[in-house]
1. Can you tell me which condition Leu178 does not meet? The list is (1) touching a helix residue (DSSP H, G or I) at 6+ places or on another chain (Cβ under 6 Å); (2) more than 24 Å from Val66 (Cα to Cα), and all the others hold.
2. Where in region 133-249 are there helices (runs of 4 or more DSSP H), lying fully within it, with 1 or more residues that are open to solvent by 30 Å² or more (accessible area, probe 1.4 Å) and over 30 Å from Pro49 (Cβ atoms)?
3. Taking region 91-109 on its own, how many of its residues are open to solvent by less than 30 Å² (accessible area, probe 1.4 Å) and either without any contact (Cβ under 8 Å) to a residue 40 or more places away in the chain or not in a helix (DSSP H, G or I) (or both)?
4. Identify all residues within region 184-199 that are of a type in the set (A, V, I, L, M) and either without any contact (Cβ under 8 Å) to a residue 40 or more places away in the chain or within 16 Å of His173 (Cβ to Cβ) (or both); write none if there are none.
5. For residues in region 76-90 being over 12 Å from the mean Cα position of the chain (by Cα) and among the hydrophobic types (A, V, I, L, M, F, W, C), which is most open to solvent (accessible area, probe 1.4 Å)?
6. Just one of (1) more than 23 Å from Val237 (Cα to Cα); (2) in contact (Cβ under 8 Å) with a residue 40 or more places away in the chain; (3) touching a helix residue (DSSP H, G or I) at 6+ places or on another chain (Cβ under 6 Å) trips up Tyr159, so point out which.
7. Evaluate region 36-46: report whether one residue or more is in contact with a Ser or Thr (Cβ under 6 Å, 6 or more places away or on another chain), surrounded by 16 or more Cβ atoms within 10 Å (Cβ to Cβ), touching a residue at least 60 places away in the same chain (Cβ under 8 Å) and part of a helix (DSSP H, G or I).
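The values are calculated or read from the model by the stated rules, or taken from the named source; none is laboratory data. The structure displayed is predicted, hence computed values, not measured ones. No Cβ is skipped: glycine too gets one built from the backbone with ideal geometry, and neighbour counts run over all protein chains shown. Accessible surface areas use protein heavy atoms only, side chains included; no ligands, DNA or RNA. Shrake-Rupley method; radii C 1.70, N 1.55, O 1.52, S 1.80 Å.
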Amino acid sequence: MHQPIANAAQPVDAASGACVRLSTKTVALSTVMLASAGLGCHFIGADSPTAAAFKVITATVGIGLVPGVLVTLLWQPRPNMSLLEVSAFGIAVSFGLAHLLAIVAISAHVSPVVSLSILGIASMLIAVCVMRRPAGRIEVTLDEVIVLVLLVILGWSLYLVGAPVDSSEDQIHAGIALRLSQLANPGLDNVYLVPRLVYTYPFPGTHYFMGLISRFGDIDTFFVYHKLRFFWGTTAVLMLYVMARAAFG
């Protein structure tokens, strides 16, 4: 009675097993290379649209993906994870780290250079720990490759369209991100555009995130604010996909 059920389930297992399995060490090394590319783009100009796009994308990946992916590989919530699961965890953890750095920077009056140094050193130490521990597996399935291609198309479309920076509200947000990327001693009363006024959000993590990207890639903050829609849009769809897979299989 049980044997036919097992045989009937086998084709499904075989179909789901059609995937490429990557070592966590390989993924960790790849993420370190991506961060290195972002750091290298700090020293090149943005004279052409291609160079500007490369700077924005690599800097965003270096701040918004790489640190969290390394933490996820070290943490390993499950023995086997898919590539998009690791990416989703990586983005969530990276954004959390950026918010923690915003709290530390504003509370202790720490410059963005110090925050980037802390993030970089911590990422390298975590990468070394991942390389030294037994390797896990990251699965790249066919359906996730299809989703990844669609996400790339969506991200590129959103990059080309960008986000508006015309209204005063948008310019205020971009201006705060600019100040956070440049202030050597940020504090509660000097982040907002008006002197000695505490901003509505005392620890603006999203603005600090954009400021770190701007400083890391040496990119104009208003340009980062305008083009970062590609990251917000693809992240939203990625999180929905991963949650749907977790809920419904």
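1. (2)
2. The helices (runs of 4 or more DSSP H) meeting that bar are 142-161, 229-248.
3. Of the residues in region 91-109, 1 are open to solvent by less than 30 Å² (accessible area, probe 1.4 Å) and either without any contact (Cβ under 8 Å) to a residue 40 or more places away in the chain or not in a helix (DSSP H, G or I) (or both).
4. Matches in region 184-199: Val191, Leu193, Val194, Leu197, Val198.
5. Leu83
6. Among (1) more than 23 Å from Val237 (Cα to Cα); (2) in contact (Cβ under 8 Å) with a residue 40 or more places away in the chain; (3) touching a helix residue (DSSP H, G or I) at 6+ places or on another chain (Cβ under 6 Å), Tyr159 violates only (1).
7. There is at least one residue in region 36-46 that is in contact with a Ser or Thr (Cβ under 6 Å, 6 or more places away or on another chain), surrounded by 16 or more Cβ atoms within 10 Å (Cβ to Cβ), touching a residue at least 60 places away in the same chain (Cβ under 8 Å) and part of a helix (DSSP H, G or I).
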